[in-house]
Structures are given as C-alpha cells and as structure tokens.
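Each value in this text was obtained by applying a stated rule to the coordinates, not by laboratory testing. The shown structure was predicted, so the numbers you read here are calculated from the model rather than taken from an experiment. All Cβ positions, even for glycine, are placed from backbone atoms using ideal geometry, and neighbour counts span all protein chains on display.
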Amino acid sequence: MPKHIRPRRSMLYVPGDKPRAIEKARTLPCDAILFDLEDAVAPEAKEIARQTVADAVRAGGYGHRELILRVSAADCAEDYALAEALPLDGILIPKVEKVEVVERAARATRHPIWCMIETPLGVLRAAEIAAASDRLAGFVAGTNDLTKELRARHTPDRTPLLTSLSLMLLAARAHGLAAIDGVHLGLDDPEGFEAACRQGVELGFDGKTVVHPSTIDTANRIFSPAPEEVAKARAIVAAWGEARAQGKGVARIGGAMVEQLHVDEAERMIALAEAIGSRD
C-alpha cells in the first residue's frame, strides 16, 4: 500500500497582512493555506504581516489544513526566524533557481521545504533542485512569473507553458515530490479555471494554488478522484488479488491486462479518495 497521502487539491494564498482573510481561511474547505509574505505584502507592511501570521497560527483553529509560510525571499532571516517559532507544516521559497538555496533553507528551518519554480533557470535546474535535500516536500509552479520571464502569452490552453510544466513534473516525480499547479489569472472566468484544473489533472499535478475562496470547491472537485475512477481502482486491486492467489503474475479486467504498475496506481488513488473522504 502507498505511504500516507495528504490531499493538496487546493492551496489558498492568503496575504499575511490581511487579518480578515486569515481569519476567514479557518472556515474555507481548502486543503492548505499559504500565508504569503512575498508578493502580496508591500515592503513597509512586512513586519505587521509577520506579527499577524504569528498571532493567527498560534491561535490555531485551522483543523486539517496544511499551514505553509511563503517567505519574502530565500535569504530573509526574519521570515525563517518566524517560521521556526511557529507550528507550521512547511515553508515555501519563491523563485528557486539553484541547489544552494534549498541547502541553506534546510539549515535554517526544521520544517518541510517547498520550492516555487517560476523562472526559466529554475525550470532548467528543476531536477537538481528536486534532489537537493531529503527535506524537500514539493514544487509549486509560479506560472504568472514564468509567463512573464518567457515573454510568452497567456493563452486559454497554456500551450506556451506546457514544456516548463512537464519538466517540473518530471523532476518532482523522479524524486517523490508533490507538484502543485499555478494560479489562474481570471477571477471572473469559472469556465477557464475549470479547464485549467482539468488540464492540471491530466498533466499529473496534485492540486492547484488559488487566490480566491470562490475557486476552492472547483479545484477540490476536479483534483479528487471521480467515483467511477475509485470503483475501477478497487476492481483492479481485487482482480490482482485473485490472480496472485492463483499464482499468476498478471490479471485481466474488462478485457485489459493488469500488472503491478496498474495496482500501484490503483492503490494510490484509493488511498487519496479515502483521505479526502475522511476530510470532507
């Protein structure tokens, strides 16, 4: 059976200097909260944001939600000191482009480390970054920054980003890391958001970063295994069990051959569905 699986269908960015948004996040059905000290907070508001986040995290009440702090920069000592004083589930480092950034972070914090891949150099070095530390938890795609750096266009099908997204996923999966898709720009574009989520699932992402509460339910629904997928997975596991009991190394179900690789994926899907069920 697969190791413990934590649903990460929706990761909500919350500006660190917005107490009302931080308070509301306690009631939202997102799987993770990204307390943001980077782009969402003006330089003059950083210290207020640190205190606001500290007060909220210490107060608790976030239930099952994974709590992650996005630091202002990879070398921000104040943010790492804050993280070390709080019961967080991880830190998120923006604009990671080299192994040394992860190595320094691993020395500065006890928490799991997430890396934002959002520049061409970060994409090209994704495999090296993924192998930088056993403390690494996953990659988060910074698709808006990456689009800018590539001088690409924002298109509905995200064709300009597919190579970069695939390279991130290859690096993450090669080293057993989670991979989270980037935000969708159009807040008044539910159809476009749903299409982007479906594309993310098809590519292999575990979930999506979001910036507005109204998009959480859609992300949760699309990044959850569908009931028919779970039923098929259970059938695969059952057929495999029967085949193994008969001393066979393969099984057949619905006219298709089943091997260990299919069973592994079926078990992962069942575990994910059960984890989501216990949460929702």
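Taking a quarter of the surface of the convex hull around the Cα atoms of the chain, what do you get in nm²? List each step's numbers first, then the result.
Numbers: hull surface 62.8 nm².
For the chain, averaging the hull's shadow over all directions gives 15.7 nm².
Based on alpha-carbon atoms only, what is the radius of gyration of the stretch 227-279 relative to the globular estimate 2.2 N^0.38 Å?
Cα Rg divided by the expected 2.2 N^0.38 Å: 1.16.
Divide by every residue of the chain the summed helix terms, -39500 (n - 2.57) for each DSSP H run of at least 4, and state the resulting mean residue ellipticity at 222 nm, rounded to the nearest 500 deg cm²/dmol. List each step's numbers first, then the result.
Working: 12 runs with 129 residues, N = 280.
Estimated from H runs of four or more residues: -14000 deg cm²/dmol.
Looking at the stretch 193-280, which trypsin sites (Lys or Arg not before Pro) are DSSP coil and have at most 10 other C-beta atoms within 10 Å of their C-beta? Write out the running numbers ahead of the final one.
On the way: sites: 198, 208, 221, 232, 234, 244, 248, 252, 268, 279; in loops: 248.
Answer in residue order: no site qualifies.
Which whole-number percentage describes the relative contact order of the chain, with Cα contacts under 8 Å and a sequence gap of 6 or more? Please list the in-between numbers first.
Numbers: 488 pairs, mean separation 48.5, N = 280.
It rounds to 17 percent for the chain.
Based on alpha-carbon atoms only, what is the radius of gyration of the stretch 159-240 relative to the globular estimate 2.2 N^0.38 Å?
Working: Rg = 14.5 Å, N = 82, 2.2 N^0.38 = 11.7 Å.
For the stretch 159-240, the normalised Cα radius of gyration comes out at 1.24.
Could you tell me which of 227, 255, 275 has its Cα farthest along the dipole of the stretch 227-279 towards the positive end, charges placed at Cβ (Lys, Arg +1; Asp, Glu -1), taken about the Cα centre?
With unit charges placed on the Cβ atoms, the residue in question is 255.
Amide H neighbours of residue 116 under 5 Å, at least 5 residues apart or on other chains, H built in the peptide plane: list them.
Amide H neighbours of residue 116: 93, 95, 96, 140.
Got a sec to turn the phi values of the stretch 54-64 into Karplus ³J(HN,Hα) couplings, 6.51 cos²θ - 1.76 cosθ + 1.60 with θ = phi - 60°, whole Hz, x for Gly and Pro?
Values per residue, Gly and Pro as x: 4, 4, 5, 5, 5, 5, x, x, 9, x, 6 Hz.
What's the magnitude of the charge dipole for the stretch 22-141 around its Cα centre, counting Lys and Arg as +1 and Asp and Glu as -1 at the beta-carbon? Answer in Debye, nearest 20. Show your work: numbers first, answer last.
Working: 14 positive and 20 negative charges, 48 e Å.
The calculation lands at about 240 debye.
Using the alpha-carbon centroid of each, what span in Å lies between the stretch 16-64 and the stretch 184-220?
Here the answer is 21 Å between Cα centres.
Any idea what the relative contact order of the stretch 227-279 is, in percent, if you count C-alpha pairs under 8 Å spaced at least 6 apart? Before the final figure, lay out each step's value.
Details: 42 pairs, mean separation 20.8, N = 53.
Relative CO of the stretch 227-279 lands at 39 percent.
Convert each backbone phi in the stretch 74-83 into a coupling constant with the Karplus relation 6.51 cos²θ - 1.76 cosθ + 1.60 (shift: θ = phi - 60°), then list the ³J(HN,Hα) values in order as whole Hz, x for Gly and Pro.
4, 10, 7, 4, 4, 5, 5, 4, 4, 4
Along the charge dipole of the chain, Cβ charges K/R +1 and D/E -1, which of 245, 15, 96 sits furthest on the positive end?
245
Rounding to the nearest 20 debye, state how big the charge dipole of the stretch 227-279 is about its Cα centre with +1 on each Lys and Arg Cβ and -1 on each Asp and Glu Cβ.
Roughly 120 debye, rounded to the nearest 20.
Residue 148: which lysines have alpha carbons under 19 Å from its alpha carbon, excluding same-chain residues fewer than 8 sequence positions away?
Answer for residue 148, where 19 Å is the Cα cut-off: 95, listed by chain and number.
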